[in-house]
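Novice: Let me give you the structure first, and then I'll get to my questions.
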Amino acid sequence: MISYYLTVITIVLGVGAYLWIARTRRRAQAGLAGSAFPVSSARNDRPLWEVYKEWSDACGSTMIHLMLQRSDVVVINDYPTAHELLVVRSLDYSSRPHFPMMDLIGRQDNVVVQKYGQRLKIARQMINDTFGSRKSEEWLPVVQTVSSEFLSRLLADPADFRRSIQRYVGTFTTRLTYGKDLDTDYLRLVDQVGEHVSQAAVPGRWWVNSYPFLRYYPSWAPGGGFQRWARHARGLFREFTLRPFNSVKEQLQRSPDTVPFSFVQKNLIQVKNDPSMETIVAGTAASLYSAAVDTTSSILTTFFLLMATHPHIQEKAAAEIREVVGQDRLPNLGDAGDLPYVEALIKELHRYHPVVRFLTRSASKSDEHGGHLVPQNAWVLTNIWAITRNKSEFEDPDQFDPDRFIQGGTHINDIRARDPRDFTFGMGRRRCPGMAIANAAVYLAITRVLATFLIKPVKDEGSNSAPQIEFTKSTIS
């Protein structure tokens with residue numbers, strides 16, 4: 001029996017070695033071997049988005065070609081190139097890099113990482129049909145209610161504003177997804193799933209991501225610990241996906257008239273007990289929470305930090321709200337067109353500190369742009385941070401200045417200048433389908449906080465200066 005298993009392992013490793021050699025030969029024939037910088041040459045103490053922009057500037061090219069283990073990585077550092085590839089040629093740049101570890105943990109159908117195809121199109125259509133701007137009469141009341149609850153939490157415990165932000169985003173997301181608040185045990189499960197997904201996608205951590213044949217390697221064999229880890233993660237993700245979904249489904253079967261509006265409620269009614277479509281509904285619902293919470297929480301946390309360190313900007317925005325809205329009611333979405341400085345402030349938040357630093361795609365076929373070869377299956381990273389630091393478009397890009405988006409301000413172009421949200425929410429066929437809700441949630445939180453609170457820094461003991469802001473080096477910061 002042992003000899004049988006050893007034979008199986010030998011065959012798996014042998015096939016993998018053959019595939020690796022064949023791929024290396026193809027790369028050499030295509031003139032790619034040795035043509036790229038290794039990613040490992042980047043210093044670990046500096047954010048990669050800064051390093052890649054620096055390399056791009058040094059090369060005098062908006063595109064650079066790197067190697068990550070055995071994978072080609074093409075980094076785009078300017079908007080025109082990103083628009084050409086991700087929007088104009090979107091059909092060829094709409095898939096994500098394939099992480100076999102995501103398959104092993106059962107995460108392959110997540111909307112964020114899923115390959116481009118019919119299932120993804122169906123999932124995105126479900127999101128658009130439920131949460132698009134034209135459907136705001138269904139979802140906007142939920143966000144407005146939760147934003148008022150957010151103010152109450154801030155008033156009760158202003159020092160713990162970060163937890164209040166996470167609670168705000170998590171609450172409206174779960175109510176819109178499942179029609180109810182989720183219990184504490186489930187939220188702990190959410191944290192566990194998020195940690196496992198983050199670990200599964202760490203570049204270079206898992207050999208199976210570079211050598212996909214290892215997905216067939218037995219868990220009991222030496223070095224098979226990754227399979228046991230994946231099996232545990234798969235169980236967590238299954239519970240994370242099915243527990244709230246099944247709860248809504250059972251309630252619909254028992255008493256459909258009592259089930260509040262939510263993504264799951266609306267789409268379960270529409271798919272009419274089709275098992276394959278129900279699977280898509282469940283998987284898409286599970287994707288919504290993970291996609292929304294970290295990103296929206298980050299932009300709101302950045303808002304609080306920047307208002308504390310830029311009191312003149314905070315007062316200018318608050319004064320505009322007082323003048324337009326008055327002090328007898330809270331701002332609402334209908335006021336947006338009359339608050340140009342607040343709108344400029346929100347644009348500048350997205351530009352100054354883009355939450356997601358890279359847009360990640362995979363080239364479905366070999367391509368060429370500006371004399372640069374993009375190999376088939378290459379990772380294509382759009383460096384959002386580099387785009388926001390383009391000095392030909394943004395004067396003093398490292399300064400936080402909403403006036404750059406006001407006519408006569410410091411923006412090098414005019415008032416019609418590109419809205420940073422045109423790229424911070426993604427580009428092309430993978431543009432965030434939930435951006436209408438995200439924009440509304442950010443706008444309501446910011447305007448209502450500015451209308452009711454004064455944000456000030458907590459100074460270090462014995463110091464008259466506010467503490468310096470330091471952002472993390474993770475891809476969502």
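Novice: Taking region 26-76 as the search range and keeping residues that are part of a strand (DSSP E or B) and not hydrophobic (A, V, I, L, M, F, W, C), which one is modelled with the lowest pLDDT?
Specialist: For region 26-76, the residue satisfying everything is 38.
Novice: I've got another one for you. Take residue 200 and tell me if it is within 23 Å of the chain's Cα centre (by Cα) and either crowded, with 16+ Cβ neighbours inside 10 Å or of a type in the set (Gly, Ala, Ser) (or both).
Specialist: On the way: within 23 Å of the chain's Cα centre (by Cα): yes; either crowded, with 16+ Cβ neighbours inside 10 Å or of a type in the set (Gly, Ala, Ser) (or both): yes.
Criteria met by residue 200.
Novice: Another one. Under 23 Å from residue 113 (Cβ atoms) and touching a strand residue (DSSP E or B) at 6+ places or on another chain (Cβ under 9 Å): which single residue out of 194, 170, 235, 204 fits that description?
Specialist: Answer to the check: 204.
Novice: Note down all Cβ pairs under 8 Å where the first residue falls in region 421-440 and is touching a residue at least 40 places away in the same chain (Cβ under 8 Å) and more than 14 Å from residue 135 (Cα to Cα), the second is among the hydroxyl-bearing types (Ser, Thr, Tyr) and in a loop (DSSP other than H, G, I, E, B), and they're at least six residues apart or on different chains.
Specialist: Listed pairs, sorted by first residue: 428/93; 428/94; 429/94; 429/116; 430/94; 430/116.
Novice: When you go through 213, 172, 240, 150 one by one, which is the residue that is surrounded by fewer than 21 Cβ atoms within 10 Å (Cβ to Cβ), in a helix (DSSP H, G or I) and not acidic (Asp, Glu)?
Specialist: 213
Novice: Residue check, residue 271 against (1) touching a residue at least 12 places away in the same chain (Cβ under 8 Å); (2) aliphatic (A, V, I, L, M); (3) within 19 Å of residue 130 (Cβ to Cβ), all met but one. Which one?
Specialist: So the condition that residue 271 fails would be (1).
Novice: Which count do you get for residues in region 95-108 that are more than 13 Å from residue 197 (Cβ to Cβ), in a loop (DSSP other than H, G, I, E, B) and not basic (Lys, Arg)?
Specialist: Of region 95-108, the ones more than 13 Å from residue 197 (Cβ to Cβ) are 95-98, 100.
From what is left, the residues that are in a loop (DSSP other than H, G, I, E, B) are 96-98.
If we keep only those that are not basic (Lys, Arg) too, we end up with 97-98.
Residues in region 95-108 being more than 13 Å from residue 197 (Cβ to Cβ), in a loop (DSSP other than H, G, I, E, B) and not basic (Lys, Arg): 2 in total.
Novice: If I ask for residues that are aromatic (Phe, Trp, Tyr) and touching a helix residue (DSSP H, G or I) at 6+ places or on another chain (Cβ under 6 Å), which ones from region 162-201 would you list?
Specialist: 168, 172, 178
Novice: State all residues of region 109-141 that are closer than 18 Å to residue 269 by Cβ, assigned to a helix (DSSP H, G or I) and not hydroxyl-bearing (Ser, Thr, Tyr); if no residue qualifies, say none.
Specialist: Correct list: 122, 123, 125, 126, 127, 128, 129, 131, 135, 137, 138, 139.
Novice: Report, by residue number, each residue of region 182-210 that is in a loop (DSSP other than H, G, I, E, B), among the small types (Gly, Ala, Ser) and in contact with a Leu (Cβ under 9 Å, 6 or more places away or on another chain).
Specialist: 204
Novice: Could you tell me which residue of region 272-283 is surrounded by the fewest Cβ atoms within 10 Å (Cβ to Cβ), considering only residues that are among the hydrophobic types (A, V, I, L, M, F, W, C) and closer than 14 Å to residue 248 by Cα? Walk me through it before giving the result.
Specialist: Looking only at region 272-283, we keep the residues that are among the hydrophobic types (A, V, I, L, M, F, W, C), and these are 277, 280-282.
With the extra rule that they be closer than 14 Å to residue 248 by Cα, the set shrinks to 281-282.
On the way: 281: 24, 282: 21.
It comes out as 282.
The values are calculated or read from the model by the stated rules, or taken from the named source; none is laboratory data. Predicted, not measured: the structure shown is a model, and the values here were computed from it. Note that we place each Cβ from the backbone using ideal geometry, even for glycine, and neighbour counts take in every protein chain shown.
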